[in-house]
């Protein structure tokens, strides 16, 4: 009976918040009942799936974790049974619900992800031709791209109507599979990886892949750690977390795993993101050689890594990562920055958002601080609700605010303080959605200790608890935080690399008639002369870094008057941008106060 299953699921959901031996035994008994239950609809089965994953990540006992594992490992059978009954399975195809064993997924993914998937599960992935042929833009793409792969196709493509595209493809691919044929064709094209990827992406090929009972499914992409952390006491809630206290702790020990383990980690994050319909630049293109691991308390392991030299951003350093909780992937992390400033993105997967999110976020910031040396943490407006309904619905602004973040605009800071007073005066008060949208119009910041711009010391050596707001257990602002907020705006409040790029493009329009090659050539000559560089023996990657940095440095007043040491250090920064360690590059920018001042001056809104 559906009513009985619904009541059982409700009892198990309530049991997630109970702890101790008796509670664990009761939860196992409920799971025993669940294993014998029949599910007649997809929504109830989805609810069951998410409960099991949460209990596997936050178990009340080792026996409970094992029970959850057994039920998850056979979960595909329940999906197949529903399919045989003709049930509507569309509920399993959303961002927060996709990736369950036994289901099928479909998406148009980028070249690197498609190539990886085709190698990972070649028998389970195919081109979704029914949707591809129905795409009104598809035939235009075939006509402009397929002739590169199929000799004499222009004879049809350029002049004929009703071209039998699939017959051409069948003739060209032989006995191979359609997708693998296209991937091989792309790989054979001349040019750099980025150019080949752009060519594949222009084809807009929708792929369909079956998850069956594969380990890469969201149902099963966890592993049993050597030591399982058992939750015998209530989980840590947000109002119990002091970010200032956590960040004042000694830096986590970052270990560089073996290359084999690192490659497994990069493959794992690709699985984790793929089955959730997510593509992140750094999870698709992560460099295994840069992976570091931090083993923390409470069964938490955080991995971080950078980009390979050929795929780095023009200016900012990039970090991606994710967290394993008892071997279960529960979030992903992204950080991008220059000097001592980083923008941080942090997304806990829906299933685990009731599981110590604030405490784990604090650990992620501890790891990022140790890895990058950054001391100014910025949260992009999207994370707190700008054009993001999910963040508005969850009150994401208050998640960060109650951890100590301040608004990057003075008018929004004043609005937040007024809202805090309303909350303090009325426990039932809730910030209106319209106000939350307003608060999400600018970045929020947490400073770990402001560096003196004139100081030439390594910023990473001066990380101290600084202007971060502190909160009591009740989540209200402390007296000290009000004084800290009164110190005024920080130096990075209105900075953006977009501002830098727009300045470059305005100069290109004004002085070079919109010619990108001309402004690059002129900037390289100007900067090479000003810095007294001799790049004749530089690698192509180093020359690319010089080209990008020259666009910015050519806008810097008085560049020729920099000291000899400052010029040498700038040269080192440029070459490091193309070097083996992206974090060395970032830390070198932290040691160049004159460059920092120039970036802030050029990249801050006036």
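The values are calculated or read from the model by the stated rules, or taken from the named source; none is laboratory data. For clarity, every value in this text was computed on a predicted model and none was experimentally measured. Methodologically, a virtual Cβ is constructed for each residue, glycine included, from the backbone with ideal geometry; neighbour enumeration extends over all protein chains shown.
Worth a mention:
- 3 or more residues out of contact with any helix residue (DSSP H, G or I) (no Cβ under 8 Å at 6 or more places or on another chain): qualifying strands (runs of 3 or more DSSP E) within the stretch 297-416: 341-348
- Evaluation of residue 252 against (1) closer than 30 Å to residue 92 by Cα; (2) touching a residue at least 12 places away in the same chain (Cβ under 8 Å) (one fails), failing number: (1)
- Those helices (runs of 4 or more DSSP H) lying entirely in the stretch 157-258 with at least 3 residues outside the structural domain of residue 308 (by TED's automatic domain parsing) and in contact with a helix residue (DSSP H, G or I) (Cβ under 7 Å, 6 or more places away or on another chain): 165-173, 178-187, 193-203
- Members of the stretch 500-527 found to be in a helix (DSSP H, G or I) and exposed (fewer than 15 other Cβ atoms within 10 Å of the Cβ), listed by number: 502, 505, 506, 509, 510, 511, 516, 517, 518, 521, 525
- Failed item in (1) in a loop (DSSP other than H, G, I, E, B); (2) touching a residue at least 24 places away in the same chain (Cβ under 8 Å); (3) surrounded by 14 or more Cβ atoms within 10 Å (Cβ to Cβ); (4) touching a helix residue (DSSP H, G or I) at 6+ places or on another chain (Cβ under 7 Å), with residue 150 passing the rest: (2)
- When we screen 282, 299, 373 for residues that are out of contact with any strand residue (DSSP E or B) (no Cβ under 7 Å at 6 or more places or on another chain), crowded, with 19+ Cβ neighbours inside 10 Å and not assigned by TED's automatic domain parsing to the domain that holds residue 110, the only hit is 373.
- Failed condition for residue 294, given (1) part of a helix (DSSP H, G or I); (2) touching a helix residue (DSSP H, G or I) at 6+ places or on another chain (Cβ under 9 Å): (1)
- When residues in the stretch 333-348 are screened for being crowded, with 24+ Cβ neighbours inside 10 Å and under 30 Å from residue 56 (Cβ atoms), 2 of them pass.
- For the condition touching a helix residue (DSSP H, G or I) at 6+ places or on another chain (Cβ under 7 Å), more than 30 Å from residue 490 (Cβ to Cβ), touching a residue at least 60 places away in the same chain (Cβ under 8 Å) and not assigned by TED's automatic domain parsing to the domain that holds residue 338, residue 578 qualifies.
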